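Heads up, the thing below is written out as structure tokens.
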Amino acid sequence: EAGVTQSPTHLIKTRGQQATLRCSPISGHTSVYWYQQALGLGLQFLLWYDEGEERNRGNFPPRFSGRQFPNYSSELNVNALELEDSALYLCASTSLWTSTDTQYFGPGTRLTVL
Amino acid sequence: SQQGEEDPQALSIQEGENATMNCSYKTSINNLQWYRQNSGRGLVHLILIRSNEREKHSGRLRVTLDTSKKSSSLLITASRAADTASYFCATVGSNYKLTFGKGTLLTVNP
């Protein structure tokens, strides 16, 4: 069974540009979570999508947005990039139908903003 | 804000020794999970302990949970160089959101 995949592996952008990160969950998982891991700030919850809808949002500005597609894959968009957006962005998936709350993580996309 | 706070922030031991990491949290939880992260990569789920459990084992891992003290510990026995990684505790509340601590960086010296 394939795990969670993320693309691209690395992304380099300049200030003010937009970044799009993609995530494919494990087959059968309907929930996708996005986390930001910035140096010195730890893992911060960004967004949660389930069945195509945004269910919860972390304490991030509106320029962080995303969506979930009918095949449950997801996209994270970051507009008007700032230097402090440089971080590892992790995607995780789970199925709310299972009895556990374990989230399975992808390898991440490292975003560098110059 | 971080729900879980790991202690210590960094731990360096010799191969074969045991490593103990602690985690404290602030609010009520459904369960607590421990994850491992090798340098700059994705997280790997290690073990989950539910709020009504006190201890759980998985291979060389032993997790305890004390809900009265809002704390958990992760013990790795007979450590190996390959155990070198960052270890995070994460709590799950009613909204299914994982809230992570800042992690413990474990270095196992061969």
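In table form, for the structure just shown:
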{"read-out": "Selected from B:Tyr35, B:Leu105, B:Ala85, residue furthest toward positive end of dipole (chain B; charges at beta carbon)", "value": "B:Tyr35"}
{"read-out": "Candidates A:Thr20, A:Thr102, A:Thr94, ranked by Gaussian network fluctuation over chain A, Cα under 10 Å, top entry", "value": "A:Thr102"}
{"read-out": "Placed amide H near A:Thr5: partners under 5 Å, 5+ positions off or other chain", "value": "A:Ser24"}
{"read-out": "Net dipole in debye of the stretch B:5-109 [+1 Lys, Arg Cβ; -1 Asp, Glu Cβ; about Cα centre; nearest 20]", "value": "320"}
{"read-out": "Cβ charges +1 (Lys, Arg) and -1 (Asp, Glu), total dipole of the stretch A:47-112, debye", "value": "80"}
{"read-out": "Surrounding net charge for A:Arg63, when Lys and Arg each add one and Asp and Glu each subtract one, Cβ distance under 10 Å", "value": "-2"}
{"read-out": "Phi to ³J(HN,Hα) by Karplus 6.51 cos²θ - 1.76 cosθ + 1.60 over the stretch B:25-37, Hz, x for Gly, Pro", "value": "9, 10, 10, 5, 10, 8, 7, 10, 10, 10, 10, 10, 9"}
{"read-out": "Dipole in debye (nearest 20) - the protein assembly as shown, about Cα centre, beta carbon charges: Lys, Arg +1; Asp, Glu -1", "value": "100"}
{"read-out": "Convex hull (Cα only) mean projected area of the stretch A:5-98, reported in nm² to one decimal", "value": "5.9"}
{"read-out": "Fraction of beta bridges assigned by DSSP in chain A that are antiparallel (%, nearest 5)", "value": "90"}
{"read-out": "Ratio of Rg to Rh over the protein assembly as shown (Cα coordinates, Kirkwood Rh, two decimals)", "value": "0.97"}
{"read-out": "Hits among lysines - C-alpha to C-alpha of B:Lys56 under 20 Å, sequence gap 8 or more where chains match", "value": "B:Lys69, B:Lys70"}
{"read-out": "At q = 0.10, 0.22 Å⁻¹, base-10 log of I(q)/I(0) for the stretch B:5-109 (Debye sum, equal scatterers on each alpha carbon)", "value": "-0.25, -1.17"}
{"read-out": "Highest-fluctuation residue, B:Lys26, B:Lys97, B:Lys70 considered, GNM on chain B with Cα pairs under 10 Å", "value": "B:Lys97"}
{"read-out": "For the stretch B:42-52, Karplus couplings with θ = phi - 60° (6.51, -1.76, 1.60), whole Hz, Gly/Pro x", "value": "x, 8, 10, 6, 9, 6, 10, 10, 7, 5, 9"}
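All of the numbers you see were taken from the coordinates with simple rules; none came from a lab. It should be emphasised that the depicted structure is a prediction, and the values quoted were computed from it without experimental measurement. Glycine also receives a Cβ, built like all others from the backbone with ideal geometry; neighbour counts cover every protein chain displayed.
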